[in-house]
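Enquirer: The following block contains the structure, expressed as structure tokens.
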Amino acid sequence: MGVDYSEIGLMVGLECHQQLATRCKLFCGCKPQLFKGEPKVTFLRRLRPTQSELGQVDPAAYFEFQKGVRILYEADGETSCLVEMDEEPPHELNREALETTLIVALMMKAKPVDEIHVMRKTVIDGSNTTGFQRTCVVALNGEIDVDGKTVPIQHISLEEDAARKIGEDGYTVRYRIDRLGIPLIEVTTGPVIHSPKEAEAVALAIGRILRATGRVKRGLGTIRQDLNISIRDGALIEIKGVQELELISKVVEYEVQRQLGLLKVRDELRRRGVVEEDLKEEFMDVTEVFEQTGCRVLRRAIKDGKRIFAVKLRGFSGLLSMEIAPGMRLGREMADRARFWGRVKGIFHTDELPAYGITRDEVEKLKRLMGASPDDAVVLVADTIENSTDALRAVVERAREALRGVPEETRAANPDGTTRYMRPRPGAARMYPETDVPPVPITDDYLRELSSRLPKLPDEVVKHLTECYGINVKLAEQLLDSEYLNLFERIAGRVKVSPTVIAATLTETVKALKREGVEVNKVTDEQLMRLFEMVDSGKTAKESIPEVITWLSKHEGEDVESAIRSLGLTMLSRDEIEAVIDDVVEENRDFVMERGMGAFGRLMGIVMKKVRGRAEAKVVSEIIRERISRVKGEDAAM
Ligand SMILES: [Zn+2]
């Protein structure tokens, strides 16, 4: 797709959220970690619609409250305490986290505020037990250089991470509060990004500065990007939770396509002469059409005492199933809305029927009953009257918005780069002071002291790596972007293995293993260090590294020695290598006699297959050459 991004007025702003690697959480002494397994404590809360100071109630929050949505929070004893449960006031602001944030601010040339004031930002989805998120602006008006362009950093804040949603079951939403309170730095750029690739480059540059501090958490889920995307005539769309850097340009690309697609839908609806008054909230009970249906979902609903309701969308035929962006359709957006506002499982619409066991005959009957012409679409939902009404009302609302173009909304990123409706965009910032946490003054002396010991900037780190270790720029950059920069320096400082081999292992090999599904993160830094020590001392070959890492990932708690022993990767002695080679030479004696040194390649291949990971190629080749000369010598002597 040849989209001219400047032509369509694309503007993107980034909000980068990165967890900090502190000893404890932002407002209590709990470990900033996630727990696995079953929770030790659970507690149930109802969602309360909190009013802002202006007395406004967020409609989505009020709606969920009305629906009786409950939150089941899960916890264990180590990763949360009474603070996360909102049973005890927050403690003082974590100074370690504040210092890291100030360091980042100074590296991004931002101006720190004189005094840190913790604020409460209303949060309406239950991800905070308090109903708000604590956040504080630490610095303003910074800038970073991205490929020669100056990108303004609007503000750098420190905030508490939210609880993580782990499931939803009807009216009960489950959250784990282990993540709640983990310090999170937020870096917000101006909306100066004008292409998908540029968005990715800016995110990479910010991520590199954050990692260059050596004080941030690593691994999936520890860095999350929110994107604010708009095009001319479109709308400002906030997309939350992009976890992988490689996904950013795709998300922007797809969002542009989605907005352009919705504009096409709008134009088509106008061409068809559809107006808002055509879209009525007239819902009809159409259960009778499906009394004998072969559709399992509908049959089940009827059996459970639910009814089937339908609404006609005048002039929408063909537009619900039209793909507006890869994997994204208006019908799907309606389904998302219906699920959110009606808590229904999903919808059916005539663009996709007959299907799912619904017959052509049933569709005909339905259309007749609804008085639908071939130009019209009909949307169905099977649930209680209350949920169905809410769901279809949301569908009609979404249809009306389609007449206007792109509705403003908050969307969530899917792992494939597509997005889904999350909730309406909240109104203006709803912030008020957190009176339980005293303000923290930032003195000039403190800033001077921090300035004097700022970490190297990413460019300087790359320069340092190439100069000190003789690795190339590509590897140095990969190290910077990996989780292993610090470990690389530790290993390279201790063993005599080539730094290029260490760097390539910690970047390319690790990446390749992850792609194969190996859980490399289960292998500890100490194990990797030990592995290189074993290679250094000749106890195993560098060729065996991937196998050992794979084995260790599957045998948590076992040591490198056991891995090498179990895999049979202990280095062969020279005698043992010679014995293997002698056998191979003997088996291929005729070939060797015929070809002489010309037989080397084949022999080398056979031997290396037998001793891979247990002998250095250099030694093997030496011995083979020597044996070939000897055989030829004997031959000549005969
Ligand atoms: Zn705690």
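The values are calculated or read from the model by the stated rules, or taken from the named source; none is laboratory data. What you see is a predicted model; the values in this text were computed from it and never measured. Counting neighbours? That spans all protein chains shown, and the Cβs are built from the backbone with ideal geometry, glycine included. The accessibility values were calculated without ligands, DNA or RNA, using every heavy atom of the protein model including side chains. Shrake-Rupley method; radii C 1.70, N 1.55, O 1.52, S 1.80 Å.
Enquirer: On a 0 to 90 degree scale, rounded to 10, what angle separates helix 95-107 from the longest Cα axis of the chain?
Expert: The two axes meet at around 80 degrees.
Enquirer: Based on the mean of other beta carbon atoms within 10 Å per residue, what is the order of 157-166, 445-454, 81-90, 567-576, most packed first? Please list the in-between numbers first.
Expert: Values: 157-166: 21.1, 445-454: 11.0, 81-90: 16.7, 567-576: 14.6.
The most tightly packed comes first, giving 157-166, 81-90, 567-576, 445-454.
Enquirer: Taking only C-alpha pairs under 8 Å that are 6+ residues apart, what is the relative contact order of region 270-336 in percent? Spell out each step's value before the answer.
Expert: Details: 53 pairs, mean separation 19.5, N = 67.
Contact order relative to length: 29 percent.
Enquirer: If amide H atoms are built 1.01 Å from N in the plane of the peptide, which residues on other chains or at least 5 residues away come under 5 Å of the amide H of Val216?
Expert: Under 5 Å from the amide H of Val216: Ala21.
Enquirer: Which angle from 0 to 90°, rounded to the nearest 10, does the C-alpha axis of helix 525-536 make with the longest principal axis of the chain?
Expert: Orientation of helix 525-536: about 20 degrees from the principal axis.
Enquirer: Where both residues lie in region 307-435, what percent of DSSP beta bridges are antiparallel, nearest 5? If you can, show how the numbers build up before the last one.
Expert: Numbers: 16 of 16 bridges.
So the antiparallel bridges amount to about 100 percent of the total.
Enquirer: Round to the nearest 0.05 the FRET efficiency obtained for Glu291 and Val41 when R0 = 56 Å and r is the Cβ-Cβ distance.
Expert: The pair Glu291/Val41 has a calculated efficiency of 0.70.
Enquirer: Report the full-extension gain for the segment Ser451 to Lys463: residue separation times 0.36 nm, less the Cα-Cα distance, to one decimal in nm. Provide the component values of the computation, followed by the final result.
Expert: Details: separation 12, 0.36 × 12 = 4.32 nm, distance 2.08 nm.
That works out to 2.2 nm of additional length.
Enquirer: Only bridges whose two residues both fall in the chain count here: according to DSSP, what percent of them are antiparallel, nearest 5? Kindly include the intermediate steps, with their values, before the conclusion.
Expert: Numbers: 77 of 85 bridges.
Within the chain, antiparallel bridges account for around 90 percent of the total.
Enquirer: Now, a different point. Quick check on my link table: of Lys109/Lys511; Lys25/Lys109; Lys240/Lys306; Lys31/Lys345, which ones sit more than 30 Å apart, alpha carbon to alpha carbon? Each step should come with its number before you reach the end.
Expert: Working: Lys109/Lys511 33 Å; Lys25/Lys109 26 Å; Lys240/Lys306 35 Å; Lys31/Lys345 38 Å.
Where the Cα-Cα span goes over 30 Å, the pairs concerned are Lys109/Lys511; Lys240/Lys306; Lys31/Lys345.
Enquirer: Pairs of Cα atoms under 8 Å, at least six residues apart: use those to get the relative contact order of region 573-638, whole percent. Mind showing how you got there, number by number?
Expert: On the way: 41 pairs, mean separation 28.0, N = 66.
After rounding, I find 42 percent.
Enquirer: What whole-number value in Å² describes the accessible area per residue of the chain for a 1.4 Å probe? Walk me through the numbers before you get to the answer.
Expert: Values: 29810 Å² over 638 residues.
Value returned for the chain: 47 Å² of accessible area per residue.
Enquirer: With axes computed from alpha carbons, what is the tilt in degrees of helix 360-370 against the longest principal axis of the chain, rounded to the nearest 10 within 0 to 90?
Expert: Rounded to the nearest ten degrees, it is 40.
Enquirer: Per Stokes-Einstein, at 37 °C and 0.692 mPa s, what whole-number D in µm² s⁻¹ belongs to the chain, with the Kirkwood radius over Cα pairs as the hydrodynamic radius?
Expert: The diffusion coefficient I find is 113 µm²/s.
Enquirer: Would you please give the residues with an amide H less than 5 Å from that of His349, counting only those at least 5 places away or on a separate chain, with H modeled from the backbone geometry?
Expert: Here Leu380 satisfy the definition.
Enquirer: Taking the Cβ of Ile239 as the centre, find all other residues whose Cβ is under 15 Å away and add up their charges (Lys, Arg: +1; Asp, Glu: -1). Write out the running numbers ahead of the final one.
Expert: On the way: positive: Arg224, Lys240, Lys250, Arg258, Arg411, Arg420, Arg423, Arg425; negative: Glu15, Glu200, Asp226, Glu238, Glu244, Glu253, Glu255, Glu333, Asp336, Glu408, Glu409, Asp416.
Cβ neighbours under 15 Å give a net charge of -4.
Enquirer: Nothing charged except the Cβ atoms of Lys and Arg (+1) and of Asp and Glu (-1): what's the magnitude of the dipole of the chain about its Cα centre? Round to the nearest 20 debye. Don't jump to the answer; show the numbers that get you there.
Expert: Values: 96 positive and 107 negative charges, 200 e Å.
Using Cβ point charges on Lys, Arg, Asp and Glu, the chain gives about 960 debye.
Enquirer: Then there is this: Ranking request for peptides 458-471, 480-493, 121-134: highest mean number of other beta-carbon atoms within 10 Å first, then the rest in descending order. Numbers along the way, then the final one.
Expert: Values: 458-471: 16.4, 480-493: 18.8, 121-134: 20.6.
Highest mean packing first, the order is 121-134, 480-493, 458-471.
Enquirer: Now for a separate question. If you count, for each residue, the other Cβ atoms within 10 Å and average over each peptide, how do 225-234, 358-367, 100-109 line up from highest to lowest? Each step should come with its number before you reach the end.
Expert: Numbers: 225-234: 20.4, 358-367: 16.8, 100-109: 22.5.
Descending mean neighbour count gives 100-109, 225-234, 358-367.
Enquirer: When the chain is fully extended, how far beyond the present Cα-Cα distance does Glu276 get from Arg360, taking 0.36 nm per residue of separation? Don't skip to the answer; put the middle values down first.
Expert: Details: separation 84, 0.36 × 84 = 30.24 nm, distance 2.93 nm.
My answer for the length gained is 27.3 nm.
Enquirer: In sequence order, what are the phi-derived ³J(HN,Hα) couplings for region 226-241 according to the Karplus relation 6.51 cos²θ - 1.76 cosθ + 1.60 with θ = phi - 60°, rounded to whole Hz, with x for glycine and proline?
Expert: The phi angles translate into 9, 10, 9, 10, 9, 10, 4, 6, x, 9, 7, 10, 9, 10, 9, x Hz.
Enquirer: Starting from the Kirkwood radius over alpha-carbon pairs of region 530-609, derive D by Stokes-Einstein at 25 °C in a medium of 0.890 mPa s and give it in µm² s⁻¹.
Expert: It diffuses with D of about 169 µm²/s by this estimate.
Enquirer: Kindly write out, for region 593-609 in residue order, the coupling ³J(HN,Hα) from the Karplus curve 6.51 cos²θ - 1.76 cosθ + 1.60 (θ = phi - 60°), rounded to whole Hz, with x marking Gly and Pro.
Expert: In residue order, the calculated couplings are 5, 5, 9, x, 4, x, 7, 4, x, 5, 4, 4, x, 5, 5, 4, 4 Hz.
Enquirer: Over the chain, what is the relative contact order in percent, taking alpha-carbon pairs closer than 8 angstrom and at least six residues apart? Present the calculation step by step, with values, prior to reporting the outcome.
Expert: Details: 1148 pairs, mean separation 81.5, N = 638.
RCO, the chain: 13 percent.
Enquirer: Taking the Cα-to-Cβ direction at Arg300 and at Glu244 and moving 7 Å from each Cα, how far apart do the two end points lie in nm?
Expert: About 3.0 nm separates the two model spin labels.
Enquirer: Here's another thing I want to ask about it. Just to check I understand the Karplus step: with θ = phi - 60° and J = 6.51 cos²θ - 1.76 cosθ + 1.60, what whole-Hz values come out for region 65-77, glycine and proline as x?
Expert: These are the phi-based 3J(HN,Hα) values: 4, 4, 6, x, 5, 10, 10, 9, 8, 10, 8, 10, x Hz.
Enquirer: Amide H neighbours of Thr172 under 5 Å, at least 5 residues apart or on other chains, H built in the peptide plane: list them.
Expert: Hits under the 5 Å cutoff: Arg70.
Enquirer: Figure the gain on full extension for Thr509 and Arg404 (residue separation times 0.36 nm, minus the Cα-Cα span) and round it to one decimal in nm.
Expert: Working: separation 105, 0.36 × 105 = 37.80 nm, distance 5.07 nm.
Stretched out fully, the Thr509 to Arg404 stretch lengthens by 32.7 nm.
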